[in-house]
Protein chains: 2
Amino acid sequence: MLKVSQRTEYALRAMVELALRYGSGRVPAREIADAQGIPLRFLEQQLAVLHKAGLVESFRGAGGGCRLAREPSTIRVSEIVDVMEGPFFPMYCLEPEDHTCFQDGRCGLQELWVDVHSAVRDVFERTTVSALAMRHRRMTPDNPVWSPEDLLRPAGAN
Amino acid sequence: MLKVSQRTEYALRAMVELALRYGSGRVPAREIADAQGIPLRFLEQQLAVLHKAGLVESFRGAGGGCRLAREPSTIRVSEIVDVMEGPFFPMYCLEPEDHTCFQDGRCGLQELWVDVHSAVRDVFERTTVSALAMRHRRMTPDNPVWSPEDLLRPAGAN
DNA sequence: GAGGAATCCTACCATTGCAGTATAATTTCT
DNA sequence: AGAAATTATACTGCAATGGTAGGATTCCTC
């Protein structure tokens with residue numbers, strides 16, 4: 001039904017949370033889960049995906065956690081969506097190795113699906129994580145998502 | 001995974017087929033299925049949906065079949081998609097009666113989903129069935145999807 | 001070096017939607 | 001009567017989604 005999966009929503013929220021705290025040390029999954037209302041164990045799995053894709057760095061053990069691998073303004077939403085959902089094809093016939101369509105691409109509908117693809121891709125590519133974070137700040141100005149003492153963690157933490 | 005269902009693809013192909021034959025009588029589901037490579041029994045169900053929605057007219061019994069209810073150029077793809085897929089929300093939080101999002105719309109991500117929604121909707125609304133039919137004709141100029149004798153059916157058929 | 005905090009790995013499960021098949025009833029023309 | 005067509009409804013197999021669960025591993029601190 002043309003839905004984006006909840007996993008991707010969670011991943012994006014996690015990235016926003018990490019962007020809001022960018023430069024202030026390692027953030028354990030627990031805190032992200034609390035701040036963004038995401039089931040912890042589930043979030044861990046998605047963070048692992050983001051880590052394997054090189055979008056976040058992670059550190060094990062006590063004092064561990066995650067942080068963005070790059071500056072928020074250089075991370076596009078499209079990268080996250082690609083990693084979480086795999087390549088995006090609104091219809092089967094667009095998949096390179098799919099030939100279930102008996103006309104095999106030689107039909108007038110494919111152009112429509114290409115248009116849909118481009119339109120969506122455009123939105124994802126022109127939106128960065130920092131943009132999302134700024135929007136988030138604007139929406140909840142009086143309600144910082146992390147408590148001030150978190151900013152006072154040991155200096156060597158990051 | 002942001003996929004459009006096969007049902008919708010079939011429905012669109014059926015509409016294109018009916019558009020190609022617009023004005024030339026009633027087209028039985030069987031012929032549409034053959035021409036477009038769609039499982040007949042499955043197609044019948046989708047045609048029934050299109051009929052209930054008022055997009056096609058249908059006639060039972062021998063000599064029956066379907067025809068477009070309106071001129072192809074006045075039927076937008078968005079109408080068909082709406083009928084087949086129901087209202088389109090790329091993320092749950094956009095659904096009017098959904099409040100599973102703990103921030104309930106007061107989050108920076110919603111704008112992203114609204115953008116996606118608009119972008120896709122735009123494509124669907126600016127494309128008409130006649131446009132799809134013309135593209136189809138252009139793609140298969142040497143290969144008419146219906147045989148000439150079908151055009152010679154009894155004049156009173158429509 | 002023990003213990004706790006954290007990530008990582010893998011398996012499992014329940015629900016849902018999708019694609020398609022099956023059966024049969026009903027209408028209509030010939 | 002019989003064939004051709006739509007209509008209605010139920011069922012099935014499959015895959016994806018949204019989690020949960022258990023434990024292994026790594027790392028810091030005391």
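Nothing in this text is a laboratory measurement; each read-out follows from the coordinates by a stated rule. Everything quoted here is computed from the prediction, not taken from an experiment. Cβ: placed from backbone, ideal geometry, glycine included. Neighbour counts: every protein chain shown.
A few remarks follow.
- The requirement of being of a type in the set (D, E, K, R) and either more than 12 Å from DNA strand D (Cβ to nearest atom) or touching a strand residue (DSSP E or B) at 6+ places or on another chain (Cβ under 7 Å) (or both) is satisfied by residue B:85.
- Enumerated helices (runs of 4 or more DSSP H) restricted to region A:1-80, each holding at least 1 residues that are away from every other protein chain (no Cβ under 14 Å): A:29-36, A:40-52
- Test: residue in region A:97-119 that is within 10 Å of another protein chain (Cβ to nearest Cβ) and hydroxyl-bearing (Ser, Thr, Tyr): yes
- Where a residue in region B:5-29 is under 14 Å from residue B:136 (Cβ atoms) and within 15 Å of DNA strand D (Cβ to nearest atom) and its partner, wherever it lies, is among the basic types (Lys, Arg) and outside any helix (DSSP H, G or I), with Cβ under 9 Å and at least six apart: B:18/B:67; B:21/B:67
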